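**Q** Let me begin by handing over the structure; questions about it come next.
The values are calculated or read from the model by the stated rules, or taken from the named source; none is laboratory data. What you are looking at is a predicted structure, and each value in this text was computed from that prediction instead of being measured. All Cβ positions, glycine included, derive from the backbone under ideal geometry; neighbour counts span all protein chains shown. Please note that ligands, DNA and RNA were not included when accessible areas were found on the heavy atoms of the full protein model with its side chains. Shrake-Rupley method; radii C 1.70, N 1.55, O 1.52, S 1.80 Å.
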4 protein chains.
Amino acid sequence: MADQGEFCYTISPHNKPRLAMDPGEEVVVETEDAFSGQIRKEGDRRDLQKMPHSNPQSGPIYVRGTKKGDTLAVKIQDIQPLTGQGSTRIVSFWYASKYDTDLAGKFLGHDAVPHGTRVCPISDGKVHFGDFAIPYRPIIGTISTADPMESYLSWLPGPHGGNMDLGQITIGATVYLPVRVDGALLHLGDVHAVQGDGELSGAAVEMPARTQLKIDVIRNKAIEWPRLEDDSTLYAVAATQAGRSLEDAMRMAFMNLILWLETDYSIDRWLAFGLLTLVSQVRIGNFWTVAVGVPKKYLNP
Amino acid sequence: MADQGEFCYTISPHNKPRLAMDPGEEVVVETEDAFSGQIRKEGDRRDLQKMPHSNPQSGPIYVRGTKKGDTLAVKIQDIQPLTGQGSTRIVSFWYASKYDTDLAGKFLGHDAVPHGTRVCPISDGKVHFGDFAIPYRPIIGTISTADPMESYLSWLPGPHGGNMDLGQITIGATVYLPVRVDGALLHLGDVHAVQGDGELSGAAVEMPARTQLKIDVIRNKAIEWPRLEDDSTLYAVAATQAGRSLEDAMRMAFMNLILWLETDYSIDRWLAFGLLTLVSQVRIGNFWTVAVGVPKKYLNP
Amino acid sequence: MADQGEFCYTISPHNKPRLAMDPGEEVVVETEDAFSGQIRKEGDRRDLQKMPHSNPQSGPIYVRGTKKGDTLAVKIQDIQPLTGQGSTRIVSFWYASKYDTDLAGKFLGHDAVPHGTRVCPISDGKVHFGDFAIPYRPIIGTISTADPMESYLSWLPGPHGGNMDLGQITIGATVYLPVRVDGALLHLGDVHAVQGDGELSGAAVEMPARTQLKIDVIRNKAIEWPRLEDDSTLYAVAATQAGRSLEDAMRMAFMNLILWLETDYSIDRWLAFGLLTLVSQVRIGNFWTVAVGVPKKYLNP
Amino acid sequence: MADQGEFCYTISPHNKPRLAMDPGEEVVVETEDAFSGQIRKEGDRRDLQKMPHSNPQSGPIYVRGTKKGDTLAVKIQDIQPLTGQGSTRIVSFWYASKYDTDLAGKFLGHDAVPHGTRVCPISDGKVHFGDFAIPYRPIIGTISTADPMESYLSWLPGPHGGNMDLGQITIGATVYLPVRVDGALLHLGDVHAVQGDGELSGAAVEMPARTQLKIDVIRNKAIEWPRLEDDSTLYAVAATQAGRSLEDAMRMAFMNLILWLETDYSIDRWLAFGLLTLVSQVRIGNFWTVAVGVPKKYLNP
């Protein structure tokens, strides 16, 4: 891939494309880790004065000929660590104590929550977190197309994709994203070597990575929110927003999945509603993002 | 099991025990379906005038010698359909349109949401929902011990267990419930032949069932919320309540799981916090209930 | 009023009536404070070992001849302190740090949040909180009728009323409560000398009180949730529950108010919807309870 | 004010300033109504094809010499209707049925919810909504400064201000906004002739308006979220976001108000915590925005 130069910390139509490519082409993208590379060895600590933002994004990539109303299909062919390791920490203000930057936090201070910073070597298909050897299962934490009007910080999920942190955005999966500006403007970053559902501490094993993607476009097919597909399952994704709780996001994802089944698989919406009641798979990315899946074996029956 | 007589629609210390047994014994419990048996053949419809409540409970079972501060361990040995079939419907006021008993509902009426009532034969290990053959995977939707003060309607989850609708409460699993009154007063019912995460329509394939349980007690071990265990995984459960959102319930379940690992597996809480960040499994029962799991292979490493 | 004997810490149909009266009669009720009288002088501290529950309730009062489907109308004629003082404290596990009994709390301990216990003299129409003299404006924090099936702890709000902590439940107001069991079974307690919206610390200035009520019944008029009325305003009340957020409770209260205007004031529901959009008053009791009001001057125009 | 040219539908650092002024100066700003002027007479309907966005913003105004870390103080001196009328409608996809663009909406269609469009003459200090004459009480619905990185659609509230719809942002009030970019870049619009708490239908009486403001700057005083001040009361504002519920927003506003009292009024935070417990005023703007107030008479006692 062409030289990135400065990374982006927003998903924005104002970000200048770093690369242009044609639909159908493959691309290899190198991404910095979510900590902007500040944690490379034991003893390193996140320095939020130097870099207050997380999730530096590579791109945007301009996909020639795509336009508003298309859907971008990003097949993830491979994800490899760039440095043989990742790192993690406790983003203490977030999950450990929801309010430690709020009432409790500013009142109580951060001392009680340990920083939790660790370097995690990756070898032999395992991620080493202290004495725990956890199977390497990499995901792209943040992947998005741009909106024509809004610019989003790269730690937030939304209709554009963004920071979904879903375990399903892994090797072999295809991510469908709405195209809302000419060229789609694909941004990605925040690769995780492994992550549990919910990303409890606010940071997984974050790693600089080399990601191989095949990028296609589906013409004249507009989607409202991201969708995912792998060998066995279709997923619709939604996220919390102002006035939309996690339950609401779950409802939204169910609704988008039902409409997908109706439109592309000719299953009446209320039959789809009944089917999902019995076979849906709900998966949590971070605390704001939910994916609802249906096994493909039930489709085109 | 002894004769049930009338089923219970609350989990309550005021419910008279139907059976007494000793810890370590096995028991076979027959439960009515969540619709109180109103849907037995195509054409039957739920009659909420005759029976406004759902989830009739068998029991309570008095477990001799148990007392406040103990934990009840209920091993699920088998779950079988009693009538070779189950049934489902759309509980339209709930998920199909969250507010159709509220603003939209009373205003718009129920006509737009179909009733969705279907009888679903169960044979050859499959549940037949129209043309879809879905593997039989039964769960106990509602299982609880009693609180000394509160009486809960049987459609609500809570610290007592209640209507959790978790796919993990299945054959082979052990459900741990807090004992808060003498004899524990185990209630159960609302068995599902199969259910997707979230139970979208508000009703799974509901069936009258015969359930075989082995009931043990762990003395002098108090738990705050239900826990689950199967061959591979430990789960802590929590649910939404007044002032506690689904995100809050998820945090609560993570916290309870961390404390479980600390107390019983000698893993420091912050190490457990980090481990769960990487390997947790979040599972959704109904829209109010969440279980957070950890693979047992990481414990006692 | 007759001798209370033991106070109730639930709102329950199982609570034995302490007094029977006829509709149209007045009654004077003495209530203990929310701390069960444990804080009477500086230096006293809440002892949760001795009494883990809050909000002791007086009653239940059996109102002769009332039955399911009626509405109880409780006019508050007066509220006076019994001891010339009240007291307050920080219920630290709740608002000061939402999770201090959860993740942060059990991890961080309670030391960082001060107890905040103070005795507050009431004199000359002022409540003295340290150097602050705050106008005496008493409310009944918890007032309810019983449900035939559920028993609620007295710190929770719900369709039965319960712990609403609304500033509007004050002298001169009428509280309408659903009658769901014979005799209605009115419970009340948790009187506050003064309280801000939201009851931030979890406790207002709590006081033992003498309350004078006139109790009437409206026959064959069922309401789903409590309603309030004073000289200038009608209010519909709703509260958070499992799966119902504060926004949802606000929607529910708006809906109930609209239906009230339609039924009793012959204002078409959509006209009421539009009117409320322009003149509604939303008031917060505690963090779980909301009242939506409409000025009576717009009614019967 | 200088010619606006095209209105802005985002709050964005990329919006070109329309006017530059010095701190201490007054300015008169004309704003279009939230419907972009599409509803001017009975029979007009909102046309979302022509203009899918709401809340056109005037500005941005560049305030010379202001820089990151300052606070902008905007005193509202007057708000007058430009055309002698306003208009309203039901934004049906939002409150009338929360999900009518989601599950229920796409399924049920919009027919059941009336459009509710009305022109509302303003005369003699009254806003005429059908037969109801409601006192004119204008507010600025949307007022903001720009963030250096994020661009927000103008219907959303946030730390930048945005669409708060608070009844307290009226004539005589001062709005404090964080300065995060050079010149602050003040945007405003969405003036309401009158609005109830919560803005139930999603639209108040929306009017094109002439607003007179006095703009000052407080140097080297950074605030996290907007604040308000009028003759009697200080308010801190917060809003829902991804992962932050309305209860959370309320907690955040309480916290910001407490820190304001500690910093500027020398009231210890826990004393402020206790004081607010007794005298706070919680006010709801739209369903996402909350203001928590304290009477100024309690400050500097």
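**Q** In terms of the Cα gyration tensor, with a ≥ b ≥ c the square roots of its eigenvalues, is the protein assembly as shown rounded because a/c is under 1.5, prolate because a/b exceeds b/c, or oblate?
**A** Working: a/c = 1.38, a/b = 1.04, b/c = 1.33.
It is rounded, given that a/c, with a ≥ b ≥ c, falls under 1.5.
**Q** I want to check the label-to-label distance for C:Ile218 and A:Leu299. Put each point 7 Å from Cα in the C-beta direction and report it in nm to one decimal.
**A** About 5.3 nm separates the two model spin labels.
**Q** Now for a separate question. What distance in nm separates the simple spin-label points at D:Gln77 and A:Asp264, each placed 7 Å from Cα in the Cβ direction?
**A** Inter-label distance under the simple model: 5.9 nm.
**Q** OK, next. Using a label point 7 angstrom from Cα along Cα-to-C-beta, what distances in nm, from shortest up, separate D:Lys16 from the other copies?
**A** Taking the point 7 Å beyond Cα along Cα→Cβ, the inter-copy spacings are 2.0, 8.4, 8.5 nm.
**Q** Quick check: Cα centre of region B:241-301 to Cα centre of region C:208-267, how many Å?
**A** 39
**Q** Right, next: Ranked from highest to lowest mean number of other Cβ atoms within 10 Å per residue, what is the order of the peptides B:29-35, A:185-191? Let's see the in-between values first.
**A** Details: B:29-35: 25.0, A:185-191: 30.1.
Put in order of decreasing packing, that is A:185-191, B:29-35.
**Q** When a/c reaches 1.5 or more, the comparison of a/b and b/c decides; with that in mind, is region D:177-297 rounded, prolate or oblate per its Cα gyration tensor? Show your work: numbers first, answer last.
**A** Details: a/c = 1.67, a/b = 1.25, b/c = 1.34.
Taking the square roots of the gyration eigenvalues as a ≥ b ≥ c, region D:177-297 is oblate.
**Q** Kindly report, to the nearest 10 Å², the accessible surface of B:Tyr152 as traced by a 1.4 Å probe over protein heavy atoms only.
**A** 30
**Q** Considering only D:Thr66, D:Thr142, D:Thr263, give the residue with the highest GNM mean-square fluctuation for chain D, with springs between Cα atoms whenever their separation is below 10 Å.
**A** With Cα springs under 10 Å in chain D, the top fluctuation among D:Thr66, D:Thr142, D:Thr263 is at D:Thr263.
**Q** A follow-up question, please. Given the peptides C:157-167, C:71-81, arrange them by the average over their residues of other C-beta atoms within 10 Å, most packed first.
**A** Working: C:157-167: 26.6, C:71-81: 20.0.
Descending mean neighbour count gives C:157-167, C:71-81.
**Q** Further question: Among the residues of chain A, which one places its Cβ closest to the rotation axis that maps chain A onto chain D, and what is that distance in whole Å?
**A** A:Ser151, 2
**Q** What is the average number of partner chain Cβ atoms found within 10 Å of a Cβ in D:198-204?
**A** On the way: counts 12, 4, 17, 6, 1, 2, 2.
Neighbouring Cβ atoms belonging to other protein chains average 6 per residue here.
**Q** Can you list the residues, at least 5 places off or on another chain, whose amide H is less than 5 Å from the amide H of B:Gly162, using H built in the peptide plane?
**A** B:Ile143, B:Ser144, B:Thr145
**Q** Per residue of D:181-190, count partner chain C-beta atoms within 10 Å of its C-beta, then hand back the mean as an integer.
**A** On the way: counts 0, 0, 0, 0, 0, 0, 0, 0, 0, 0.
Mean partner-chain Cβ count within 10 Å for D:181-190: 0.
**Q** Okay, next question. Write down the accessible area per residue of chain A in Å², having rolled a 1.4 Å probe over the full set of protein chains. Provide the component values of the computation, followed by the final result.
**A** Details: 9890 Å² over 301 residues.
Accessible surface, normalised per residue, equals 33 Å².
**Q** Ordered shortest first, which distances in nm separate the 7 Å Cα→C-beta label point of C:Pro135 from those of the other copies?
**A** 1.6, 6.8, 6.8
**Q** For chain B, state the average projected area of the convex hull of the C-alpha atoms over all orientations, rounded to one decimal in nm².
**A** On the way: hull surface 64.8 nm².
Taking a quarter of the hull surface, the average projection is 16.2 nm².
**Q** How many nm is it between the label spots at B:Val28 and B:Asp231, if each spot is 7 Å from the Cα in line with the beta carbon?
**A** 2.5
**Q** Where does chain D land at 222 nm, in deg cm²/dmol rounded to the nearest 500, when only DSSP H runs of n ≥ 4 count, each adding -39500 (n - 2.57), divided by all residues? Each step should come with its number before you reach the end.
**A** On the way: 3 runs with 37 residues, N = 301.
Calculated from helices alone, the mean residue ellipticity at 222 nm is -4000 deg cm²/dmol.
**Q** Give me the inter-chain shielding for D:281-287: mean count of other chain Cβ atoms within 10 Å, whole number please. Intermediate values should be presented prior to the final figure.
**A** Working: counts 6, 11, 5, 10, 1, 2, 8.
Counting Cβ atoms of other protein chains within 10 Å of each residue's Cβ and averaging gives 6.
**Q** May I ask you to derive the FRET efficiency for A:Lys68 and C:Leu48 from their Cβ-Cβ distance with R0 = 56 Å, giving the value to the nearest 0.05? Please list the in-between numbers first.
**A** Details: r = 60 Å, r/R0 = 1.07.
About 0.40, to the nearest 0.05.
**Q** So, one more: Filter the trypsin sites (Lys or Arg not before Pro) in region C:183-284 to those in DSSP coil with at most 13 other Cβ atoms within 10 Å of their Cβ, and list the result.
**A** Working: sites: C:Arg210, C:Lys214, C:Arg219, C:Lys221, C:Arg227, C:Arg244, C:Arg251, C:Arg269, C:Arg283; in loops: C:Arg219, C:Lys221.
Answer in residue order: C:Arg219.
**Q** When each copy gets a label point 7 Å from Cα toward the beta-carbon at A:Asp264, what are the spacings between them in nm, shortest first?
**A** 4.2, 5.3, 5.3
**Q** Once phi is turned into ³J(HN,Hα) by the Karplus curve 6.51 cos²θ - 1.76 cosθ + 1.60 with θ = phi - 60°, what whole-Hz value does each residue of region C:247-259 show in order, with x for glycine and proline?
**A** Residue by residue, region C:247-259 yields 4, 4, 4, 5, 4, 4, 5, 4, 4, 5, 5, 4, 5 Hz.
**Q** Right, something else. State whether region D:206-248 is rounded, prolate or oblate according to the following rule on the C-alpha gyration tensor (a ≥ b ≥ c being the square roots of its eigenvalues): a/c under 1.5 gives rounded; otherwise a/b larger than b/c gives prolate, and the remaining case gives oblate.
**A** Working: a/c = 1.93, a/b = 1.29, b/c = 1.49.
Because a/c hits 1.5 or more and a/b fails to exceed b/c, region D:206-248 counts as oblate.
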